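Just so you know, all these numbers are worked out from the coordinates, no wet-lab data involved. A quick note: this is a predicted structure, and the numbers were derived from the prediction, not measured. Cβ coordinates were reconstructed from backbone atoms using ideal geometry, including for glycine residues, and neighbour counts include every protein chain displayed.
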Amino acid sequence: MRRALIVATLLALLVPAPFAFAAEYVPTETYAALTAQINSGQVVAAHVNEQTHHIKVTLKNGTDQVVDYPAADHKKLIDSLLAHGVKPIYTRPVAVVTKPKPVHHVLRYVAAGIVVVLLLIGGGVWAYTRGQSPPAAPGGAPPGPAEGPGGASA
């Protein structure tokens, strides 16, 4: 039973793994090939990222191409796209989400330390005030109030 549970858990973890790592493959090409495609009228849409100097174009056959273009040729590239009837769409690079700095709760630590110290003091006072238990009588029963000084009843 335990082995079957382990196998089922491993399968549950490993089966979706290829889907998680499968990303859309976007082929890249050279800038010269891109300009040739623009001049021949094959480009339908263009997404331009001015910060990273990337352009993603969609061709008439439906494929997407990603090209790194020189920063100096940005204006010439945009003018060429506009001349061939393609309006460029300006995009931004995907922002990496950064985790906020962890908040250190100093007051919680101080309060927890005070509680621990108070518990230790309370435990020490309780142990000190308990006193020692009275010794047991030789007969096994503690002496009762009815017995006199000689051990005889009144």
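For the reader, a short list of remarks on this structure follows.
- Protection-proxy order for peptides 97-106, 35-44, each taking the mean of Cβ atoms within 10 Å per residue, highest first: 35-44, 97-106
- Each Lys and Arg Cβ is given +1 and each Asp and Glu Cβ -1; about its Cα centre, the stretch 25-91 then shows a dipole of about 180 debye.
- For the stretch 25-91: rounded, prolate or oblate by the Cα gyration tensor [a/c cutoff 1.5]: rounded
- For the pair Ile121 and Glu29, the difference between a 0.36 nm per residue extended length and the Cα-Cα distance amounts to 25.7 nm.
- Most tightly packed first, judged by the mean number of other beta-carbon atoms within 10 Å of their residues, the peptides 109-122, 45-58, 71-84 read 45-58, 71-84, 109-122.
- Furthest towards positive pole of dipole, Gly85, Gln51, Gln65, structure part the stretch 25-91, Cβ charges: Gly85
- Residues in the stretch 69-77 carry Karplus couplings, in order, of 10, x, 4, 5, 9, 4, 5, 5, 5 Hz; the curve used is 6.51 cos²θ - 1.76 cosθ + 1.60 with θ = phi - 60°, and Gly or Pro positions show x.
- Here Ala45 and Ala71 are evaluated by their C-beta separation; at R0 = 30 Å the FRET efficiency comes out at 0.85.
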